[in-house]
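Data first, discussion second: the structure below is written as structure tokens.
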Amino acid sequence: MKITSAEFVTSATGLDKCPAGSRPEVALAGRSNVGKSSLLNNLVSRRRLARTSNTPGRTQLINFFSINDMFYLVDLPGYGFAKVPVRVKARWGKMIEDYLARREQLRGLILLVDVRHKPTADDQQMYHWLSTYHIPTLVVATKADKLSRGRAIQNLAMIRKNLQLPASAPLILFSAVTGQGKEEIWAVIQNWVEN
Ligand code: GDP
């Protein structure tokens, strides 16, 4: 997909603050520090559209980016950051689940997991919600450049098994450093927003 424009639009504190209108949306979710901002920046070839940082848990809002004035990429709050109080975690969980359960514009979700690690209970919970709400899902294994090709392929099988992904569910290896996987991800997004 050719990106002609990519702009930050708004940060929403909850479902009722999300933009009105019927534009399709593709959301991104994952643990804090999984590489979500890096993926977003890489997808749209803008170095600092979504701020990348080593401070996990900073993004606590639902961030909307307008792409080609045609659809939104939606950055959901990163989850699983250990130092966050339980009360705050519960609020994030509710915000994310509300969005997944009730946002009609949502066409699909990209779930990010780190290719080096076993998916966590939070990742499993997220995938469970997505199945429950019948949201088309693409799982992306990030930071592929940190492993050898052979090891990365092995870990994909481990991730598929751990999340209980059906054989037909897409799982793509990605690196924000090399750009590996970018075109495949765009193909899935394009299919979601154009159909
Ligand atoms: P977020 O919290 O999910 O938005 O994660 P960030 O995009 O801020 O990335 C967290 C850290 O991982 C940063 O230090 C990034 O530079 C690093 N990182 C993200 N993606 C990649 C990748 O594909 N390869 C490598 N080597 N590092 C990455």
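The values are calculated or read from the model by the stated rules, or taken from the named source; none is laboratory data. Every value quoted in this text rests on a predicted model; they were computed, and no experiment measured them. When we count neighbours, we look across all protein chains shown, and the Cβ atoms used for this are built from the backbone with ideal geometry, even at glycine.
What the table below lists for this structure:
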read-out: Filter result for the condition that a residue is surrounded by 15 or more Cβ atoms within 10 Å (Cβ to Cβ) and out of contact with any His (no Cβ under 6 Å at 6 or more places or on another chain), over Val86, Val139; value: Val139
read-out: Some residue of the stretch 4-26 being within 15 Å of Ile110 (Cβ to Cβ), modelled with pLDDT of 90 or more and crowded, with 19+ Cβ neighbours inside 10 Å; value: yes
read-out: Strands (runs of 3 or more DSSP E) fully within the stretch 86-193 counting 1 or more residues that are among the charged types (D, E, K, R) and more than 15 Å from the ligand (Cβ to nearest atom); value: 106-114
read-out: Members of the stretch 1-44 found to be more than 16 Å from the ligand (Cβ to nearest atom), closer than 15 Å to Asn68 by Cβ, among the β-branched types (Val, Ile, Thr) and not in a strand (DSSP E or B), listed by number; value: Ile3, Thr4
read-out: Residue that is under 19 Å from Leu61 (Cα atoms), surrounded by fewer than 17 Cβ atoms within 10 Å (Cβ to Cβ) and in contact (Cβ under 8 Å) with a residue 40 or more places away in the chain, where the choices are Arg91, Arg102; value: Arg102
read-out: Single residue of Ser32, Ser37 found to be surrounded by 13 or more Cβ atoms within 10 Å (Cβ to Cβ), in contact with a Pro (Cβ under 8 Å, 6 or more places away or on another chain) and among the small types (Gly, Ala, Ser); value: Ser32
